[in-house]
Amino acid sequence: MSVNRLDPLVGWGNTPPMWRVALLASVILVLPACDKNRINESYWRDRGAEAVMPLKKNLKRALVKGLEEGPVEAVTACQAVAPAVTQGAGSQIAKVGRTSHKLRNPDNAPKLWMQPLLEGYLTSPDQMEPRVVVLDENTVGYVEPIYLQPMCVTCHGTAIAPEVQKRIDELYPADRATGFESGRFRGILWAELSRN
Ligand code: HEC
């Protein structure tokens, strides 16, 4: 029994010196590489929330203003703020946008890194907090969920007025973004944040 417990140490003792050097060297080399993937999550969540804030505000403003003119005219209002490079607080450069599992505009399709996060929100509705991921040594990805509000159902709901539906069909023949009820998960806001 006691021999068994010592086995790993005996094994190490038997390792030829050159191998030991190689093993230690690989640990030393790998550690800093792992560090690059370690980030202060709450810091980057705050940066992400700041980066998507202007997009959120602009969209809301464009929608409210558009809907005042009538829902048919407003159909393009939701388009008002395309993915853009914005200057967030603290001069962090960020690329921001929206995507969804049920797209209206195929140009908003999720990038590769967003797909598992989007999937995560769909499969774990009890874990809807914003998320951050390391994309590469220069970039952190941020996502947060978007929910349907009562005003959104005019164009994404279950009972869309025929003239609004007609306009949507003309502009977005591949539309999949209807049938949502207020309060439902609609997609994500995302940001690609520069780490430098
Ligand atoms: C007046 C009609 C209208 C209203 C109201 C509206 N949308 Fe949209 N929505 C659209 C259109 C049109 C697009 C396609 C935009 C584009 O071309 O990028 C869109 C796209 C989106 C997208 C991007 C993903 C995709 O499917 O292309 C999200 C997310 C979204 N809407 C959420 C919302 C939310 C949340 C609300 C309420 C706050 C809302 N929309 C209200 C018309 C509308």
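The values are calculated or read from the model by the stated rules, or taken from the named source; none is laboratory data. Quick caveat, the model's predicted, so the values are computed rather than measured. Glycine also receives a Cβ, built like all others from the backbone with ideal geometry; neighbour counts cover every protein chain displayed.
Kindly indicate whether any position in the range 127-150 is within 8 Å of the ligand (Cβ to nearest atom) and part of a loop (DSSP other than H, G, I, E, B).
Checked against the condition, which is being within 8 Å of the ligand (Cβ to nearest atom) and part of a loop (DSSP other than H, G, I, E, B), the range 127-150 yields at least one hit.
Filter the range 161-180 down to residues that are touching a helix residue (DSSP H, G or I) at 6+ places or on another chain (Cβ under 7 Å) and part of a loop (DSSP other than H, G, I, E, B) and give me whichever is nearest to the ligand (Cβ to nearest atom).
In this case the residue turns out to be Ala177.
Of (1) of a type outside the set (S, T, N, Q); (2) surrounded by fewer than 12 Cβ atoms within 10 Å (Cβ to Cβ); (3) at pLDDT 95 or above, Val143 satisfies all except one. Which?
All conditions are met except number (2).
Quick check: is even one residue across the range 149-160 without any contact (Cβ under 8 Å) to a residue 24 or more places away in the chain and surrounded by fewer than 16 Cβ atoms within 10 Å (Cβ to Cβ)?
Yes, the conditions are met somewhere in the range 149-160.
Just to check your reading of the model, which residue among Leu103, Leu122 is among the aliphatic types (A, V, I, L, M) and within 27 Å of Thr76 (Cβ to Cβ)?
Leu103
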